[in-house]
Amino acid sequence: MISSLNAIVPMLCVTAAGLAAMVAESFRDPGERMPIAGLGIVGLVGAAVATLLLWNHNVSSFGVVSADNFGLFVTWILIIVGALSIAFSGPTVERERLPAGEYYALMLFAIAGMMLMATASDLLIIFLALEVLSIAVYVLTGIRRDSAQASEAAFKYFLLGAFSSTFFLYGIAFTYGLTGSTHLDRVGSLIAAQAMAPTPMQLLAVGFLLVGFAFKVSAVPFHMWTPDAYEGAPPAVTGFMSTGVKAAAFAAFARVFLTAFEPLRGDWGVILSVVAGATMIVGTVVGVAQSNVKRMLAYSSIAHGGYLLVALIAANDVGKGAVLFYLLTYAVTNLGAFGVIAVLDNGDRANDRVSDYAGLWNEHPGLAALMTIFLLSLGGFPPMAGFIAKWYVFSAAVKAGDNALAIIGVLTSVVSVFFYLRIVVMMYMTSSSQPLRFPAVPKIASVALAVSAILIFYLGILPTRVLDWAAESISTIF
Amino acid sequence: MTTYPILSMITFLPVLAGAAIFVCSERVARWLALAGSLATLAISAPLYSHFDKGSTGLQFVESVPWIPSWNVVYSVGIDGISLPFIFLSTVVSVLCVGASWTAVQMRVREFYASLLLAETAMIGLFAATNLFLFYVFWELMIVPMFLLIGVWGGPRRIHAAIKFLLFTLAGSVLMLVGLITLLRASGTLDFQALAATRPNAALQSWLFVAFTAAFAVKVPMFPVHTWLPDAHTEAPTAGSVILAGILLKMGGYGLLRIALPILPDAVRLFRGPMLALSAIAIVYGAYVTLAQTDVKRLIAYSSISHMGFVTLGIFTLNRNGIEGAILQMVNHGIVTGALFLCVGMIYERTHTREIAAYGGVAKLAPIYSTFLALFCLAAAGLPGLNSFVGEFLIISGAFDTRPWYGVMAVWGVALGTTYILWLYYRVALGEVKPGLRALRLDLDLREVATLAPMAALVLTIGLYPESVLGFLRTSVAQLVVASAASAAVVGGM
Amino acid sequence: MAQAIAFYFIAACILGFAVLVVTTRDTVHSVLFLVLDFLFVAALYVLLGAQFLAAIQVLVYAGGIVVLYLFVVMLVNLKRPPEAHEDPHRRTKLGFGLAAAVLLELGAIAVYGSVNPAAPMPATPAIPVSGNTEQVGWLLYTSYLIPFEIASMLLLVAMIGAIVLAKREL
Amino acid sequence: MPAPSLGDYLALSAVLFAIGAAGVFVRRNLITILLSIEIMLNAVNLTFVAFGRALGSADGQIIVFFVMTVAAAEAAVGLAIVITLFRHRESLNPDSFTALKW
């Protein structure tokens, strides 16, 4: 009985850490400083150990949570995302005077929900996990209660999120009606067995699920919430949700569509190709016009969602690890970029406009160099991780015969370099008229930034091992 | 043959030195950069002494699996075509460090780190034996160059840096598309394997367009040359020297390394237009040069004309033309690099690049003027100096195949003599301009030491061209034979 | 027959109240219509043999959640003049267009389904689901144990979130 | 009059879903938008129960039970956000938000 719970141990660790954060907060005297973030790190370490022990064992709990290597790989990504996000949260929580206990607890619950979503092998669990993480992230988005902008961002995010959840749920309903089960294995085998596919009912199920996922990964045309939510949330939360939510959603996306709905690939593949192309183009083109760094990175993350969709479409024998590898590099890189923004956030001054970066090099040469690394990696320059990841995706797409998508991808990623380099130009080549606007950099955050940069170079220069892991991991689901 | 990984050492030593610079003080940074680039030059010595001039294959080969699951290999090696470029890169880098000694006072560590990173990218590019590595180093070159122009450049540096980036990225995106297509078509990215399994003729044409677009931007060929004058004018001296000395050669090298051996049928198909564009670049570049009033801009436009000779030589597709083209690239790197150094040295004193502000410099600075005269004469193609040999070979190659282009090239040489001698006349001879008298114009020992190696090279190659040609003869012969063989196959079909 | 009449009557009420919820200008009335709507949905659950759900629907949904809405509506005092439509028809048209599109799509599928009756749906229910509380409870605490725990976590997260956001002083 | 078939239930819930979806777009009051989402969730619930009956399993009902939990959680958080919004703006008309583009 106990052993059947093995698969959810990583989530239990993180959840326990979240509860501990709540308890600690409730015993905190007003004004007392408590290392609540440390509790989160302890929980994540526990989860990491559990993940390591579960590796290769393919444990399943009640047949609804499968700790297969695919799920565990994403769990790893989420542990990294969580640890870095907590490290970057320090300055935000302090300067914005956010309620620390609740903040970290919500973040940890969100991570637990993400892990659950990544390992769930049942549509009902995926839905519940999605809700756990979504609700936690809605609240985190609006946690700066004194800011009207944050409240509006939270509401828009909540509204479109709840709206899309109903579509997702409707898709689950049709899947259930179609096969009598919500379990992905059964759904897959029953759909494969139904002769004259695709039936209208199958298409309806696929279509509604697709809409639900498209909202969560902010694919065009369901991306409208992204820039507002990213801009309104505190920067550490933005980094967290742009990477963690995406990783969890893509994990579930891949699992549902590459296992259960694999027989209908011919149908969803076409729709998804159009969506992916539009997502890359819109994300890049609109991103060029932004003057706020967070908004710009929001569009950039939309475009990266497009690349991930390409990876999903092109998931064949050669390119099937591309989704996981891309998720990992994107998570580390994007989180690093938002980490820099979080560190520069001054409480009374957000410092998040492109023009605020003028002369950053003179005041914080190290931060400017790190930001450059993150941006270049997002733009896909060698020898950064982004290059290997994009190469993986595009070459997989070409091998799968999706030449058009590969070409759109290459073109948009070059256009995106221009908006990334706008910040580089600002940091290095212009000087600011108002000196000393940037706060000091806390130690933990700078260590986390350095770790991200090292990971980016590691994945860019010696990617072999992780690439092989990614390919092996995803082969546990299809 | 050596037993230690000499090519990897010279490739990565500069970037390691560049990383080390960040942990030391600004004063030490200069010395460390000098030591790093000198050490690279020293280590590369066995490349020349142990090079087998009679072999057609790759030498000093190192091959390590890099990403086995994608069949991507880290493999470097050189033949007669890449060796002169590696030589050029190592030498020019040392001189750039020397040339920036006093000119760069702001952000010294970052400057030298960028310079050394650029050196790694250049050497790696010329040593790479597969397309993946080639592309990695190609892209790696962009960022340090962007920073060199944009951070340490002149007043319109941002404009110039962004223009440089715009053109270069537009080129490299096409190359990336071509690269992925080629990988899919041939299943390999190794240069030799690719040359053995050529894609079909229709695909070759597309690939040629994609790759040549990238190379043409770098060369730069007419009509994608417009970034070069801005970049040259705004870049700091070391940046201009790297641009002229090496970056432009990446394009010519790419044509020789990728277009000719891998896409021979397409090369034949596009030969006419490419020759025409080259001839236009020679003549148009020369005429525009005549009209310049800014020294750096003048040299920049003369580069376009000189690089026109290079592409003309390459697309003659015969031995003389290609040997001449490679020699011309080396010579152009030396001569134009040296001219930029000369301009930089006097600019440090006068802070103007207007030709009209100079005059009679020969009377004030005899050593400087001697060097300037030597390099100007070399640029003009005086027999006995290096450029003469290259241009002669290219023109004779052109007369062998397309005489009219040979005529255009001769015309270009005549124009080139005019503008460069006129430049010398305006700067060094004539009345001494009043503003110049108060300045200490002549060179100090460091500057002499920077220019002297260039002068020595000008004379050595001019008097004994075999010193370069000897290395590349066999490889070029093989390239021409392979290319002709493919033409025979196509003709026979 | 009686079942059919009941179904059509309840269905009509559900749809009618739903339309009223969406169209009524006064928010309080909207919420009250929603309560009625949910009560009729509960009636439909009884018709479908899901008595337990019907009870939950009345107690939790209509009685709990919707009352929460009512509470918030009162709190923020929405009886102020209804929203000022600058262009009231644009969005309305969009909404009706959307609704029509969904209906059209479903209709097309229905037609398609009736023309090609091969759609592999099981025939009318073999054994009516008992729908009794015992069966649901049994399932809930055995094969649905993990979802049940996740649901409790979800409620905890929502509780923390609601307090963090809405409480005046933390 | 024939007994209601599965198709009738599905059609009913589809129409209900469509009304809810339209409501999200049509209405300009935050609370009614949330109410419309509740209608959509109820439509989905109806689908689950109908399918469950057709399949002869109680799973559909269990799922609906969880959906109700989700609806409760969403309502709590959504209304909390509405309250914070209301503190900043004395209006609940979404068009009165200007800080972020809608």
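For the range A:145-152, indicate whether the set of residues that are touching a helix residue (DSSP H, G or I) at 6+ places or on another chain (Cβ under 8 Å), among the polar types (S, T, N, Q), more than 11 Å from chain C (Cβ to nearest Cβ) and within 19 Å of A:Gly207 (Cβ to Cβ) is non-empty. No, that holds for no residue. From the list A:Lys443, A:Lys399, A:Lys390, the one residue that fits, being without any contact (Cβ under 8 Å) to a residue 24 or more places away in the chain and either within 13 Å of chain B (Cβ to nearest Cβ) or more than 26 Å from B:Ala160 (Cβ to Cβ) (or both), is A:Lys443. For the range A:87-96, the criterion of being within 21 Å of A:Ala136 (Cβ to Cβ), within 14 Å of chain C (Cβ to nearest Cβ) and not small (Gly, Ala, Ser) is satisfied by at least one residue. Under the condition of being surrounded by fewer than 24 Cβ atoms within 10 Å (Cβ to Cβ), assigned to a loop (DSSP other than H, G, I, E, B) and not aliphatic (A, V, I, L, M), the residues counted in the range B:101-131 number 4. Taken together, the criteria place D:Gly23 among residues that are modelled with pLDDT under 90, buried (at least 24 other Cβ atoms within 10 Å of the Cβ) and either within 7 Å of chain C (Cβ to nearest Cβ) or not in a helix (DSSP H, G or I) (or both).
Look at (1) touching a Gly at 6+ places or on another chain (Cβ under 8 Å); (2) surrounded by fewer than 16 Cβ atoms within 10 Å (Cβ to Cβ); (3) small (Gly, Ala, Ser) and you find that B:Ala35 fails only one, number (1).
Kindly check whether there is at least one residue in the range B:356-375 that is under 28 Å from B:Met274 (Cα atoms) and touching a residue at least 40 places away in the same chain (Cβ under 8 Å). Can you show your working first?
We begin by selecting, within the range B:356-375, every residue under 28 Å from B:Met274 (Cα atoms); these are none.
Within the range B:356-375, not a single residue is under 28 Å from B:Met274 (Cα atoms) and touching a residue at least 40 places away in the same chain (Cβ under 8 Å).
Restricted to the range A:10-30, and to residues there that are more than 13 Å from chain C (Cβ to nearest Cβ) and free of Cβ contacts under 8 Å to residues at least 60 places away in the same chain, the residue that is surrounded by the most Cβ atoms within 10 Å (Cβ to Cβ) is A:Cys13. Scanning the range B:158-175 for residues that are closer than 25 Å to B:Val76 by Cβ and either over 22 Å from the mean Cα position of the chain (by Cα) or of a type in the set (Ser, Thr, Tyr) (or both), which turns out farthest from the other protein chains (Cβ to nearest Cβ)? By that ranking, first place goes to B:Thr168.
Evaluating C:Val115 against the criteria (1) modelled with pLDDT under 70; (2) within 7 Å of another protein chain (Cβ to nearest Cβ) leaves one unmet condition, (2).
Scan the range A:364-385 and give yes if some residue there is over 27 Å from the mean Cα position of the chain (by Cα) and either modelled with pLDDT of 85 or more or within 13 Å of chain B (Cβ to nearest Cβ) (or both), otherwise no.
At the first step, the residues of the range A:364-385 found to be over 27 Å from the mean Cα position of the chain (by Cα) are A:364-365.
Retained after the next criterion (residues that are either modelled with pLDDT of 85 or more or within 13 Å of chain B (Cβ to nearest Cβ) (or both)): A:365.
Yes, there is a match, as at least one residue in the range A:364-385 is over 27 Å from the mean Cα position of the chain (by Cα) and either modelled with pLDDT of 85 or more or within 13 Å of chain B (Cβ to nearest Cβ) (or both).
Elements of the type helices (runs of 4 or more DSSP H) sitting completely within the range B:313-391 and holding at least 1 residues that are touching a Cys at 6+ places or on another chain (Cβ under 7 Å): these cover B:366-380. Scan the range A:169-181 for residues that are assigned to a loop (DSSP other than H, G, I, E, B) and more than 7 Å from chain D (Cβ to nearest Cβ) and jot them down. Selection gives A:Ser181 alone. Closer than 30 Å to B:Ser100 by Cα, touching a residue at least 60 places away in the same chain (Cβ under 8 Å), out of contact with any strand residue (DSSP E or B) (no Cβ under 8 Å at 6 or more places or on another chain) and part of a helix (DSSP H, G or I): is that true of B:Ser305 in this structure? For B:Ser305, the condition - closer than 30 Å to B:Ser100 by Cα, touching a residue at least 60 places away in the same chain (Cβ under 8 Å), out of contact with any strand residue (DSSP E or B) (no Cβ under 8 Å at 6 or more places or on another chain) and part of a helix (DSSP H, G or I) - is met. Residues that are farther than 16 Å from C:Val67 by Cα and modelled with pLDDT of 85 or more within the range C:25-41 comprise C:Phe40, C:Val41, listed in sequence order.
Just to verify a result, which residue in the range A:449-478, among those that are outside any helix (DSSP H, G or I) and among the hydrophobic types (A, V, I, L, M, F, W, C), is nearest to the chain's Cα centre (by Cα)?
Residue satisfying both the conditions and the ranking: A:Ile477.
Between A:Ala83, A:Ala67, the distinction of being more than 24 Å from D:Leu30 (Cβ to Cβ) and surrounded by fewer than 24 Cβ atoms within 10 Å (Cβ to Cβ) belongs to A:Ala83 only.
A single entry from B:Thr336, B:Thr370, B:Thr352 fulfils the requirement of being farther than 26 Å from B:Ile461 by Cβ and among the β-branched types (Val, Ile, Thr): B:Thr352.
Here A:Phe438 meets the list (1) more than 22 Å from B:Leu169 (Cα to Cα); (2) under 22 Å from the mean Cα position of the chain (by Cα); (3) in a loop (DSSP other than H, G, I, E, B) almost entirely, failing just condition (2).
Can you tell me how many residues within the range A:109-129 are facing chain C (nearest Cβ under 10 Å), under 20 Å from A:Thr243 (Cβ atoms) and in a helix (DSSP H, G or I)?
Start the filter on the range A:109-129 by keeping residues that are facing chain C (nearest Cβ under 10 Å), which leaves A:109-110, A:112-113, A:116, A:120, A:122, A:124-125, A:127-129.
Subsequent filtering for residues that are under 20 Å from A:Thr243 (Cβ atoms) retains A:109-110, A:112-113, A:116, A:120, A:129.
Right, trim to in a helix (DSSP H, G or I) and you get A:109-110, A:112-113, A:116, A:129.
Selection size over the range A:109-129: 6.
Okay, residues lined up against (1) among the aliphatic types (A, V, I, L, M); (2) facing another protein chain (nearest Cβ under 8 Å); (3) within 21 Å of C:Tyr8 (Cα to Cα):
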{"residue": "C:His29", "(1), (2), (3)": "no, no, no"}
{"residue": "C:Leu36", "(1), (2), (3)": "yes, no, yes"}
{"residue": "C:Leu39", "(1), (2), (3)": "yes, no, yes"}
{"residue": "C:Ala42", "(1), (2), (3)": "yes, no, yes"}
{"residue": "C:Leu48", "(1), (2), (3)": "yes, yes, yes"}
{"residue": "C:Ile56", "(1), (2), (3)": "yes, yes, no"}
{"residue": "C:Leu59", "(1), (2), (3)": "yes, no, no"}
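In this structure, is D:Ala75 at the interface with chain C (Cβ under 7 Å from one of its Cβ atoms), under 15 Å from the mean Cα position of the chain (by Cα) and in contact (Cβ under 8 Å) with a residue 40 or more places away in the chain? It is true that D:Ala75 is at the interface with chain C (Cβ under 7 Å from one of its Cβ atoms), under 15 Å from the mean Cα position of the chain (by Cα) and in contact (Cβ under 8 Å) with a residue 40 or more places away in the chain. If only one of D:Gly52, D:Gly56 is touching a Pro at 6+ places or on another chain (Cβ under 8 Å) and within 7 Å of chain C (Cβ to nearest Cβ), which one is it? Exactly one of D:Gly52, D:Gly56 is touching a Pro at 6+ places or on another chain (Cβ under 8 Å) and within 7 Å of chain C (Cβ to nearest Cβ), namely D:Gly56.
Is it true that B:Val143 is among the β-branched types (Val, Ile, Thr), facing chain A (nearest Cβ under 8 Å) and more than 18 Å from A:Gly379 (Cα to Cα)? Step through it out loud before you land on a result.
Details: among the β-branched types (Val, Ile, Thr): yes; facing chain A (nearest Cβ under 8 Å): yes; more than 18 Å from A:Gly379 (Cα to Cα): no.
So B:Val143 fails the test.
Regarding the range B:148-157, can at least one residue be identified that is assigned to a helix (DSSP H, G or I), facing chain A (nearest Cβ under 10 Å), touching a Phe, Trp or Tyr at 6+ places or on another chain (Cβ under 7 Å) and aliphatic (A, V, I, L, M)? Checking the range B:148-157: at least one residue is assigned to a helix (DSSP H, G or I), facing chain A (nearest Cβ under 10 Å), touching a Phe, Trp or Tyr at 6+ places or on another chain (Cβ under 7 Å) and aliphatic (A, V, I, L, M).
Yes or no, residue by residue, for (1) of a type in the set (A, V, I, L, M); (2) at pLDDT below 85:
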{"position": "B:Met1", "(1), (2)": "yes, yes"}
{"position": "B:Arg27", "(1), (2)": "no, yes"}
{"position": "B:Ala39", "(1), (2)": "yes, no"}
{"position": "B:Ala45", "(1), (2)": "yes, yes"}
{"position": "B:Leu58", "(1), (2)": "yes, yes"}
{"position": "B:Gly77", "(1), (2)": "no, no"}
{"position": "B:Met106", "(1), (2)": "yes, yes"}
{"position": "B:Leu116", "(1), (2)": "yes, no"}
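Regarding the range A:254-262, can at least one residue be identified that is within 24 Å of A:Leu108 (Cα to Cα) and surrounded by 24 or more Cβ atoms within 10 Å (Cβ to Cβ)? Outline the logic, then answer.
Within the range A:254-262, the first condition is being within 24 Å of A:Leu108 (Cα to Cα), and the residues that meet it are A:254-255.
Subset that is surrounded by 24 or more Cβ atoms within 10 Å (Cβ to Cβ): A:254-255.
Yes - at least one qualifying residue is present in the range A:254-262.
Checked against the criterion of being in contact with a Leu (Cβ under 6 Å, 6 or more places away or on another chain), farther than 19 Å from C:Val72 by Cβ and at the interface with chain C (Cβ under 7 Å from one of its Cβ atoms), the range D:31-42 has no qualifying residue.
The values are calculated or read from the model by the stated rules, or taken from the named source; none is laboratory data. Just so it is clear, the structure is predicted and the values come from calculations on it, not from any experiment. Don't worry about glycine lacking a Cβ; one is built from the backbone with ideal geometry, like all the others, and counts go over all protein chains shown.
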